[in-house]
Amino acid sequence: MTRRRFGSKLFAVTTGIAAGGPLVVMLVLMGVLVRDAWPAWRFQGLSFFSGTVWNMGNMYANTPIVRAGVQGAPGASFGILPLVVGTLYSSLIALAVGVPIALLTAAALVYLAPKRVSMWLSPVIDLLAGIPSVVYGLWGVEVLAPFVQSRLGPWLSHVLRIAPFFHGPVGTGMGLLTSGLVLAVMIIPIVTATTRELLAQVPRLPYEGAQALGLTSYESVRYVAFPWVSSGVIGAVILGWGRALGETMAVLMVSGNAANYLPTNIYSPISTMASTVAALLDSALTDFTGLAVHALALIAVTLLAITMATNLLARSLVALGRRGLEAEGERR
Amino acid sequence: MNARAIRSKAAWSMAALALAVVMFAVIDILALVAGKGAAALNGSIFTTMTTGIAGGLQNAIYGTFALVGLGIVLSVPIGVLAGVYGALFAPDPVAKFFRFVAEVMAGVPSIVIGYFGYTMLVVAWGFGFSLLAGGISLAILMLPYIVRATESTIRQLPHGYMEGARALGITPADAFRTILWKPALPGVLTGVLLAISIGLGETAPLLYTAGWSNFDPNWQLTKNPIGYLTYVVWTYLNEPYSAAHRLAYAAALLLTALVLLLHVAAKGLQRSTPAQ
């Protein structure tokens with residue numbers, strides 16, 4: 001082997017080792033989390049997901065109680081149902097509000113706005129995706145929460161007074177609705193960018209064909225262009241959903257940080273899984289049995305599993321959508 | 001006008017309205033941060049350290065640069081090499097698998113990385129709240145973006161480059177060393193810039209790894225907590241003092257301005273990548 005060839009080989013091997021980096025990190029991360037979460041799982045079992053009380057127990061007790069071989073403070077109970085509900089509801093509000101706006105915006109950018117205008121507007125919306133989540137939180141606290149408290153909340157409560165979940169005291173403006181709206185603004189750029197990109201790739205011919213058949217421009221977009229890219233768009237929506245499920249700081253700032261409280265209406269304060277891990281680690285460290293930290297690890301594992309599942313689903317749908325587009329392109 | 005034409009008009013009006021709402025949100029966020037932030041910004045912000053809930057942000061600014069800098073130093077070499085492997089050397093199924101891993105990694109919620117950093121780096125490895133623990137956590141967060149940017153950039157280079165090299169009997173490694181790296185550079189740099197902007201804006205992975213310090217970073221890697229800008233935005237907004245609020249706004253403005261700058265730079269770089 002010449003020196004040159006050896007150098008080439010060495011370079012290839014080095015890159016191969018580096019390529020293993022992300023895999024090693026992910027395996028170690030998952031291993032450490034599962035190991036950390038294990039005692040909490042043994043202690044709490046399935047009631048971890050169905051219980052509504054998160055209580056580290058009596059921190060002044062001298063002797064811990066033992067359940068399933070795991071030590072906990074007397075009275076310790078780790079149920080995360082309110083967090084699961086808070087996470088799910090806030091992310092669903094984000095989807096219900098954000099997705100229609102994102103799809104309409106993408107359609108407007110591709111079909112409505114003149115090219116030169118959308119050339120300028122698109123990067124501005126992309127920028128929205130890069131804004132730090134604490135800045136979203138700041139905006140939520142300063143602008144959105146007061147707006148929900150003094151205007152949107154009372155109005156919704158009045159207009160939808162027969163719908164049970166919408167009627168009720170509006171409270172401080174910090175809660176489920178505000179969290180959902182902040183998350184909506186955060187996922188809009190994700191869904192908009194992918195949808196816009198996909199719509200721009202829809203072949204011109206079927207679209208024009210639809211118009212030649214007498215469909216209105218709206219009908220051509222709705223019944224020809226969107227179905228063409230639907231799996232990719234659904235993928236982008238699920239991707240945004242995953243982002244909303246895992247968002248920590250912005251939600252932490254505007255959720256009202258409810259403890260052990262199931263929301264009674266859309267204005268109720270909530271907590272999410274991600275925001276709870278961030279908010280409670282400090283106090284969990286004071287648990288002399290260490291069980292509270294394990295319980296937080298179990299939340300982290302749950303969150304990781306959920307976001308991984310949504311992400312994989314989303315990626316495969318986006319890939320499917322792209323492949324579909326390419327296949328259609330080749331057939332022509 | 002018939003009913004269908006009216007419906008079409010109505011739908012497009014809704015689309016225009018949606019676009020207006022989104023633009024309004026962007027402008028409202030930027031205006032809030034720019035307005036209140038500019039009012040709070042003055043020279044002493046950059047030259048004094050935080051004292052209690054007032055003072056300046058010098059410690060947080062330096063801390064942010066140190067943390068993001070370390071994150072980049074750790075993630076870029078591994079990420080770029082991993083991307084090169086995926087694009088040039090890996091057999092197809094292997095490349096696919098590594099792409100899959102990078103995608104999974106990019107989807108890990110940042111607070112999960114924060115928890116991992118705490119239990120692994122801060123406690124198990126005994127780094128304490130420190131530059132090293134925070135920097136590694138950020139590196140984990142940035143790594144998949146750099147891998148993806150590198151791999152997709154090299155894959156999107158014109159096929160002729162690689163085919164030409166093959167025809168001349170040049171190994172892929174030499175082809176990369178002599179030719180391919182140059183057209184790939186802007187794309188890779190774009191990925192690095194985006195990774196920097198993600199790192200700048202993160203809070204959750206740093207809460208329990210970097211800690212917080214009122215003093216400038218002292219270049220100790222371990223055991224010494226270090227400040228950063230996003231912490232100021234989050235914590236000081238909850239304080240009941242207007243001096244604290246001003247600091248939070250100043251920090252938010254600095255962060256947003258930096259992110260904006262990075263995005264503009266990234267857009268500029270993107271244009272200079274040759275297309276297939």
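The numbers here are math on the coordinates, done by the rules we state, and not lab data. Predicted model, so just to flag it, every value in this text is computed and none were measured. No Cβ is skipped: glycine too gets one built from the backbone with ideal geometry, and neighbour counts run over all protein chains shown.
Observations on the structure shown:
- Loop-located chymotrypsin sites (Phe, Trp or Tyr not before Pro) in the range B:1-110, at most 12 other Cβ atoms within 10 Å (DSSP): none
- Computed FRET value (nearest 0.05) for A:V28 with B:D216, which takes r as the C-beta separation and R₀ as 25 Å: 0.15
- Calculated from backbone phi, Karplus (6.51, -1.76, 1.60) coupling profile of the range B:187-203 in Hz, x at Gly/Pro: x, 5, 4, 4, x, 5, 4, 5, 4, 4, 5, 5, x, 4, x, 7, 10
- Close amide H partners of B:T50, meaning residues 5 or more places away or on another chain with modelled amide H under 5 Å apart, are B:G56, B:Q58, B:N59, B:A60.
- Net charge contributed by nearby residues that have their C-beta within less than 13 Å of A:A292 (K/R +1, D/E -1): -3
- Dividing the summed -39500 (n - 2.57) terms of all DSSP H runs of n ≥ 4 by the residue count of the protein assembly as shown sets its mean residue ellipticity at 222 nm at -22500 deg cm²/dmol.
- With a Förster radius of 51 Å applied to the beta-carbon distance between B:D28 and B:W181, the computed FRET efficiency rounds to 0.75.
- Cut-off under 5 Å, modelled amide H: who pairs with A:R67 long-range: A:G72
- Taking the inverse of the mean reciprocal distance over all distinct Cα pairs, the Kirkwood hydrodynamic radius of the range A:49-131 comes to 17.3 Å.
- The long axis of helix A:115-130 is offset from the longest Cα principal axis of chain A by roughly 10 degrees.
- Shown for B:V26, A:V28, A:V191: other C-beta atoms within 10 Å of each C-beta, ranked fewest to most, produce the order A:V28, B:V26, A:V191.
- Mean separation of Cα pairs under 8 Å and 6 or more residues apart, divided by the residue count, gives the range B:173-273 a relative contact order of 37 percent.
- Taking Cβ atoms as reference points and 13 Å as the exclusive limit, the residues near A:A278 contribute a net charge of -3, counting Lys and Arg as +1 and Asp and Glu as -1.
- Label point distance in nm, B:R271-A:K115, each placed 7 Å from Cα along Cα→Cβ: 1.6
- Three-way shape call for the range B:1-40 based on the alpha-carbon gyration tensor, with the a/c threshold at 1.5: prolate
- Only Cα sites of the protein assembly as shown enter the Debye sum here, all with the same form factor; the resulting log10 I(q)/I(0) across q = 0.11 1/Å is -1.14, listed in q order.
- Ratio of Rg to Rh over chain A (Cα coordinates, Kirkwood Rh, two decimals): 1.07
- Tilt relative to chain A, helix A:291-331 - C-alpha long axis, 0 to 90 degrees, to 10: 10
- Label separation (A:L92 vs A:W38): 3.6 nm, computed from points 7 Å beyond Cα along the C-beta direction.
- Violating pairs (Cα-Cα greater than 28 angstrom) within the set B:K182/B:K267; A:K9/B:K96; A:K115/B:K36: A:K115/B:K36
- Residue-by-residue Karplus 3J(HN,Hα) for the range A:259-268, coefficients 6.51, -1.76, 1.60, Hz, glycine and proline x: 10, 6, 9, 8, x, 9, 8, 6, 9, 4
- The range A:180-332: C-alpha gyration tensor shape, a/c 1.5 cut-off, then a/b vs b/c: prolate
- Percent of Cα pairs exceeding the 28 Å cut-off, where the set is the range B:55-209: 29
- Pair-distance profile P(r), taking every C-alpha pair of chain B, with 5 angstrom steps and integer %: 1, 6, 10, 13, 13, 13, 12, 10, 8, 6, 4, 2, 1, 0, 0
- Taking a Cβ cut-off of under 15 Å around A:V185, the surrounding Lys, Arg, Asp and Glu residues balance to a net charge of -3, with basic ones at +1 and acidic ones at -1.
- The label-point distance for B:A167 and A:T264, in a model that sets each label 7 Å from Cα toward Cβ, rounds to 7.7 nm.
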